Amino acid sequence: MTEHSSPGRGDLEAILLVGGKGTRLRPLTLGVPKPLLPTAGVPFLAHQLARARAHGVRRIVFATSYRASMFAEAFGDGSAFGLDLHYMTEETPLGTGGAIRNAADALTCGPDSPVLILNGDTLSGHDIGAQVERHVTRGAAVTLHLTEVDDPSRFGCVPIDDDGRVTAFLEKTPNPVTNLINAGCYVFTRSVIDTIPAGEVVSVERETFPGLIEAGERVLGYADRSYWLDVGTPEAFVQGSRDLVLGRLSSPALPGVPGEALAMPGARISPEAKVMGGTAVGAGAVVESGATVSGSVVGDGAVIRAGAVVSDSVVGPGARVEAGAVVRDAVIGDRAVIGPGNELRAGARVWPDVHLPECAIRFSADT
Ligand code: GDD
Ligand code: MG
């Protein structure tokens, strides 16, 4: 086995894939890309960037496409985060592989260096440094972080052999052969990125990884059991925010101490309200007396009126849940108003600016 020198802390460069449209998170993503949605008080990516930085990453290239300019507006040159940030934009989306190839033009490292690639919608507690170390010491072409899930058919299914070598990459297969899946964090040897064709639509999951395995290149798995979540659905997004507020995944970017609730500056929570279960209450939001809010994300300037119940839901910025309304496992779009006495349940999504009149939606027969 060849021994390579491992990059010193701070030398590692990364590419962050953030060009997706986040369609499963509509209406939340109609105006804001998924990676910028407020999560435990800060844009989702702030948590990922802070964790990457804690593992020695200093320079990160954002691979953007959908609403590209909003990323630079949010994070600038990165100096406020102790990072050196760069932005590469695809005119039309090039897929995950095309995006990596395009963004690699902004890397400064040499052909033998490891490069970290991150999906922009995952929360992970794994040891990035150990993954890079495995990649370098074993002279791999690519090393994939793997995690175990109950339903692998929604992900990239990745079987490995006893030596940790990846034997196949089966993206969204209806017949998964293992519960181990691609967790969306890769280490690529820089020269391997350069073999991806430039300016073309390429999927790393459907083309690059299967091609490398087929060609006998060394593709390794780094499997562990640390915290992991893809926040691509509303349920998962709310769970991610909740877990960060509760401290189930520690984040250097959490703007406060972990606990039952996180209130941003200017939030007004009545002492007679119950706010718990990892709820994040945005800047200037109001929770009135007798309201109960649990495990939810309440956007900036949103209002939860007296006696309303909100659980496991997202209430968008500027939205209002009026007195006595009940909102469970639902998404309320920006500035929407849920009139008094409504009851919304699992999966309900209210589009921005919609005004639901009093008692428009009920589930019980007694009114
Ligand atoms: N720049 C750019 N251009 N980024 C893109 C593009 C593109 O054309 N397409 C997707 N992305 C970004 C998304 O923004 C996201 O951060 C990441 O690539 C993955 O895309 P998703 O759309 O979230 O894919 P997925 O969740 O269905 O599946 C992926 O992630 C799973 C783990 O969460 C795959 O990598 C699976 O194999 C994996 O298991
Ligand atoms: Mg995803």
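All of the numbers you see were taken from the coordinates with simple rules; none came from a lab. Note that this is a predicted model, so its numbers are computed, not measured. All Cβ positions, glycine included, derive from the backbone under ideal geometry; neighbour counts span all protein chains shown.
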Item to check | Shape category assigned to segment 260-356 from the gyration tensor of Cα positions, a/c cut at 1.5 | outcome: rounded
Next on the checklist: Between GLY164, GLY299, GLY139, where does the largest GNM mean-square fluctuation fall for the chain, given springs only between Cα atoms within less than 10 Å?
Outcome noted: GLY164
Next on the checklist: Could you identify which residue out of PRO352, PRO35, PRO271 has the top mean-square fluctuation in a GNM of the chain using Cα springs shorter than 10 Å?
Outcome noted: PRO271
Next on the checklist: Run the helix sum for the chain: -39,500 (n - 2.57) per DSSP H stretch of 4+ residues, divided by residue count, reported at 222 nm to the nearest 500 deg cm²/dmol.
Outcome noted: -4500 deg cm²/dmol
Checklist entry - Over the Cα atoms of the chain, Rg to Rh with Kirkwood Rh, two decimal places? => result 1.01
Item to check | Computed magnitude of the charge dipole of segment 260-356 (debye, nearest 20; Cβ of K, R +1, Cβ of D, E -1) | outcome: 60
Checklist outcome for this item: Nearest-0.05 FRET efficiency for PHE363 and GLU272 at R0 = 22 Å, using Cβ-Cβ distance, is 0.25
Item to check | Qualifying GluC sites (Glu not before Pro) for segment 312-363 [loop in DSSP, other Cβ within 10 Å: at most 15] | outcome: GLU358
Item to check | For the chain, with +1 on Lys and Arg beta carbons and -1 on Asp and Glu, the positive-most of GLY31, ILE269, PRO93 along the dipole | outcome: ILE269
Checklist outcome for this item: Once amide hydrogens are built 1.01 Å from N within the peptide plane, the residues lying 5 or more places from LYS274 or on another chain with amide H under 5 Å from its amide H are GLY290, ALA291, THR292, VAL293
Next on the checklist: As an exercise, identify the GluC sites (Glu not before Pro) in segment 160-237 lying in DSSP coil whose Cβ has no more than 13 other Cβ atoms within 10 Å.
Outcome noted: GLU200
Checklist outcome for this item: In whole percents, the bins of 10 Å from zero upward hold the Cα-Cα pairs of segment 1-146 as 11, 42, 35, 10, 1, 0
Checklist entry - Once you charge only the Cβ atoms, +1 for Lys and Arg and -1 for Asp and Glu, what is the size of the charge dipole of the chain about its Cα centre, to the nearest 20 debye? => result 680
Item to check | Check: segment 320-364 dipole with +1 on Lys, Arg Cβ and -1 on Asp, Glu Cβ, in debye | outcome: 100
Next on the checklist: Quick check on segment 109-259: take the gyration tensor over C-alpha atoms, sort the square-rooted eigenvalues as a ≥ b ≥ c, and tell me if it's rounded (a/c under 1.5), prolate or oblate.
Outcome noted: prolate
Checklist outcome for this item: When the chain is treated as a Gaussian network with springs between alpha carbons less than 10 Å apart, the largest mean-square fluctuation among SER124, SER79, SER294 is found at SER79
Checklist entry - Using the Cα gyration tensor of segment 90-147, with a ≥ b ≥ c the square roots of its eigenvalues, what is the shape: rounded (a/c below 1.5), prolate (a/b larger than b/c) or oblate (neither)? => result oblate
